[in-house]
Amino acid sequence: MKLLITGATGLIGAEVVRQAITDDTIDEIIVLVRSQPEITNSKITVVRHNDFSDYTGLEEYFKKADALIWCLGISQTQVNRKQYEVITYEYTLACARFCLIANPSIRFVFVSGDGADRSEKSRTLFKKIKGKAENGLLSSGLKNLVIARPDAVRPRHKNKRAPFAYKLVYPLFPLVEIMAPSKVIWSDVLARALIKIGNQGYEKNTLENMELRVLGKS
């Protein structure tokens with residue numbers, strides 16, 4: 001399988017790359033990135049790309065990819081409201097539209113988040129815009145779409161690009177696991193679940209955190 005990954009330098013995306021390297025079913029990992037990733041391997045094809053609202057010129061990579069795992073994202077604490085919507089919603093839908101042209105059969109795996117609100121009425125920006133992105137994808141015409149909704153992602157490897165607010169909560173993960181174990185998912189477990197979805201698809205179009213945990217551990 002040839003796997004295309006966006007957001008490959010982030011916490012989740014980088015872990016997907018690590019797990020894909022060790023997965024014998026994957027022969028090529030195409031990472032679409034603005035900056036050079038730290039992880040290197042003979043399986044990896046690095047495609048430097050700056051404008052995620054326009055994918056012109058990247059047809060060859062999309063055409064040969066069997067699946068795309070969309071890990072590109074940013075914390076709502078790092079940007080203003082408009083920038084968050086552009087990155088979370090507009091970039092995602094621009095890619096979906098390009099997929100429909102370049103490779104309509106590609107399996108599109110979208111990393112959303114727990115609590116994404118498809119009514120788009122939530123007062124929480126994250127929930128509202130993630131829900132809007134899900135709605136946009138569901139009505140986009142993509143034939144092979146799966147939405148993953150992880151909750152609190154506990155990193156197996158610390159990521160230098162993680163937002164400061166996220167780094168502050170690292171020490172709290174053991175406590176969260178004790179108090180609310182169903183809310184936590186290890187990054188490597190999530191990554192393996194996303195790769196399995198990309199490889200095999202899933203029986204329904206949306207997976208919640210506990211379903212991702214089961215899939216990533218199986």
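The values are calculated or read from the model by the stated rules, or taken from the named source; none is laboratory data. Predicted model, so just to flag it, every value in this text is computed and none were measured. Backbone-built Cβ (ideal geometry, glycine too); neighbour counts: all protein chains shown. Accessible surface areas use protein heavy atoms only, side chains included; no ligands, DNA or RNA. Shrake-Rupley method; radii C 1.70, N 1.55, O 1.52, S 1.80 Å.
Loop-located GluC sites (Glu not before Pro) in the range 10-114 (DSSP state not H, G, I, E or B) with no more than 16 neighbouring Cβ atoms inside 10 Å: Glu38.
A straight chain from Lys217 to Arg97 at 0.36 nm per residue would run longer than the Cα-Cα distance by 39.9 nm.
Modelled label positions at Asn80 and Ser35, each set 7 Å beyond Cα in the direction of Cβ, lie 2.3 nm from each other.
Share of the range 56-147's accessible area from carbon and sulfur, percent, 1.4 Å? The computed percentage sits at 45.
Taken over the range 1-78, the percentage of Cα pairs per 10 Å bin, counting from 0 up to the bin with the maximum distance, is 19, 56, 22, 3.
Taking only DSSP H segments of four or more residues, each worth -39500 (n - 2.57), what value at 222 nm results for the chain once the sum is divided by all its residues, to the nearest 500 deg cm²/dmol? The partial results should precede the final answer.
Working: 9 runs with 85 residues, N = 218.
-11000 deg cm²/dmol, from helical runs alone.
Here the spin labels are modelled as points 7 Å beyond Cα on the Cα-Cβ line, and at Ser105 and Thr25 they lie 1.7 nm apart. Couplings for the range 9-24, taken from phi via the Karplus curve 6.51 cos²θ - 1.76 cosθ + 1.60 with θ = phi - 60°, read 9, x, 4, 6, x, 5, 5, 4, 4, 4, 5, 5, 4, 8, 8, 5 Hz in order; Gly and Pro are left as x. What separates the Cα centres of the range 1-48 and the range 188-213 is a distance of 17 Å. Solvent exposure of the chain amounts to 48 Å² per residue of accessible area, where only protein heavy atoms count and the probe is 1.4 Å.
Put a dot 7 Å past the Cα of Ser122, heading toward its Cβ, do the same for Glu203, and the two dots end up 2.7 nm apart.
The radius of gyration of the Cα set in the chain, together with its Dmax, comes out at 16.1, 49 angstrom.
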